[in-house]
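In what follows, a single structure is set out as structure tokens and then discussed.
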Amino acid sequence: MNWITEPERKTPVIANVDLLVCGGGFAGVSAAVCAARNGAEVLLLEKYGFLGGLVTSALVITTPPLNNGINNEIAKRLREKAVYTPCRHSGEEVEWLNMHAMDPEVIKYEFLQMLQENKIHFLLHTYIVGTFMEGQRIKGIIMENKAGRQTILGRMVVDATGDADVASFAGAPFRLVKKPMTMMFNMVGVNVPVVLDRIGNWGNLKKLIQEEINRENLSFDLGINMEFGAPGIHAEKLVYEDEINVWSGNLLGMDGTDPRDLTKAEVITREHVMRMANFLKRNVPGFEKSRIEVTPTQVGVRATRQIIGKASPSPDEVKNKIFDDTVVKPYAHSDMRLPYGSLVPQNVENLLVAGRCISAADEIMGQLRLIPVCSATGQAAGTAAALALQQKKAPQNLEVSKLQRILEDQGMNLGLKRVKQ
Ligand SMILES: Cc1cc2nc3c(=O)[nH]c(=O)nc-3n(C[C@H](O)[C@H](O)[C@H](O)COP(=O)(O)OP(=O)(O)OC[C@H]3O[C@@H](n4cnc5c(N)ncnc54)[C@H](O)[C@@H]3O)c2cc1C
């Protein structure tokens, strides 16, 4: 690769805060809200003009139940507006997840409300591009926006970018994974009862498509890898009665931190969407009067960088162990837990990580990237950051038993046999 050397320049410092929360998805918003409630002055940075992360930008609108800690509060807000409902999911293997559908437009609004109610500063349309370091300490975040290149100084940072952008800029170790990318989209004008009748309870729309192909001797080439469940479409009964959320297919082998791969993925998965929508409309009963209602702002990127944190629990540990430093229990109805060490990166002193880039064994990450887990890790990281600021300690030296007490007092039932005093 060729390089150029840019001339040295001065970068304006536009603010100086206790805590910088980087990214405004479910993890980032939860972290910011919980940190503010525990006394921190918080500024959240987000590259899009709206909040919600992949849920609102990639139309990932189905989630396992939001029923512990801050997730209860999010569910309550959505329920009051009747935009959080149990839905049917086509994949039999995920039946235990008991999926619920959410309206992404209401999430965009409610998340803005939650930031404002908790007096959190935030800057949208702002892309984080680097860190300003002093040894192993992040002194500030460097970002670019319509005003050019700017810095905000902070005493503590939560990386909730999903891609561990901040952790990687700061030099924390991570591993890069490539999981299938998918463009989700919504169709309206669908006769959902007819479609669901054909699919069957917890059936699979893929089978229905295959039946249609066999019956009519149709050719159906999505141009995508036919392994890993592809064409991989599934359907949900959503909040609105004639609407369906479609999984267009899986695109394999792409690196979500490489802009060339991301560009290619946008082109190919948009092709998937068009072919899928046309096929359904022409050939599958119930879709005759359907149309694409909306495609997402971006292709769905499941995973990129995973930090290699202080702890990296195995699937068995996540499902069965009560860690001494348990700080995350995403569901009221399941025993899954995570230790504090999963949120603490190595080699950076004042950083915590929340959301889909936390540290755990790869085999369990598919379950740890689910939306309720991301918000629960956000709650734990935000609360820990506020406590570390109060105690004037680095996150790795935090009194975790105190953090556990605060989390339990604030509604996250950690299911500990005994919380240490
Ligand atoms: C196709 C697909 C299907 C899925 N299906 C399900 C499902 O059915 N149920 C389920 O529970 N989960 C599902 N998931 C997983 C789930 O959607 C995500 O893991 C979860 O939403 C991640 O939340 P997060 O807050 O950690 O990260 P994100 O949602 O990625 O949020 C990160 C935020 O940071 C911002 N950001 C990133 N980089 C920067 C930067 N450099 N500067 C400024 N801002 C930045 C982003 O814009 C975004 O708002 C699916 C994911 C995909 C891709």
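The values are calculated or read from the model by the stated rules, or taken from the named source; none is laboratory data. Quick caveat: nothing in here was measured; it's all calculated off a predicted structure. Neighbour counts run over all protein chains shown; Cβ positions are idealised from the backbone, glycine included. SASA here: full protein model, heavy atoms, side chains in, ligands and nucleic acids out. Shrake-Rupley method; radii C 1.70, N 1.55, O 1.52, S 1.80 Å.
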Discussion item. Which condition from (1) within 16 Å of the ligand (Cβ to nearest atom); (2) of a type outside the set (A, V, I, L, M); (3) at pLDDT 90 or above; (4) open to solvent by 30 Å² or more (accessible area, probe 1.4 Å) is the one that residue 173 breaks?
Written reply: (1)
Worksheet, complete the sentence: Restricting segment 3-36 to residues that are closer than 22 Å to residue 74 by Cβ and of a type in the set (Val, Ile, Thr), the one farthest from the chain's Cα centre (by Cα) turns out to be 33
Worksheet item: Only one residue in 265, 277 is in contact with a Leu (Cβ under 6 Å, 6 or more places away or on another chain), among the small types (Gly, Ala, Ser) and assigned to a helix (DSSP H, G or I), so which one is that?
Response: 265
Response to the item:
Among residues of segment 296-321 being part of a loop (DSSP other than H, G, I, E, B), open to solvent by less than 60 Å² (accessible area, probe 1.4 Å) and among the hydrophobic types (A, V, I, L, M, F, W, C), the residue nearest to residue 160 (Cα to Cα) is 303
Fill in: Single residue of 375, 401, 342 found to be surrounded by fewer than 18 Cβ atoms within 10 Å (Cβ to Cβ), modelled with pLDDT of 95 or more and not in a loop (DSSP other than H, G, I, E, B)
401
Response to the item:
The residue that is farthest from residue 108 (Cα to Cα), considering only those in segment 297-322 that are in contact with a Pro (Cβ under 6 Å, 6 or more places away or on another chain) and among the small types (Gly, Ala, Ser), is 311
Worksheet item: residue 123 fails exactly one of the following numbered conditions: (1) under 19 Å from residue 19 (Cα atoms); (2) away from the ligand (no atom under 11 Å from the Cβ); (3) not small (Gly, Ala, Ser). What is the number of that condition?
Response: (2)
Worksheet, complete the sentence: For residue 366, the lone unmet condition from (1) away from the ligand (no atom under 15 Å from the Cβ); (2) surrounded by fewer than 19 Cβ atoms within 10 Å (Cβ to Cβ); (3) in a helix (DSSP H, G or I) is (1)
Worksheet, complete the sentence: Within segment 30-72, the residues that are surrounded by 24 or more Cβ atoms within 10 Å (Cβ to Cβ), within 8 Å of the ligand (Cβ to nearest atom) and within 22 Å of residue 139 (Cα to Cα) are 45, 46
Worksheet entry | segment 378-398 - residue that is without any contact (Cβ under 8 Å) to a residue 40 or more places away in the chain and either in a helix (DSSP H, G or I) or within 12 Å of residue 354 (Cα to Cα) (or both) and, of those, most open to solvent (accessible area, probe 1.4 Å) | 397
Worksheet item: If you go through segment 325-365, how many residues are closer than 23 Å to residue 67 by Cα and over 17 Å from the mean Cα position of the chain (by Cα)?
Response: 11
Worksheet item: Do we find a residue being among the aromatic types (Phe, Trp, Tyr) and free of Cβ contacts under 8 Å to residues at least 40 places away in the same chain anywhere in segment 1-23?
Response: yes
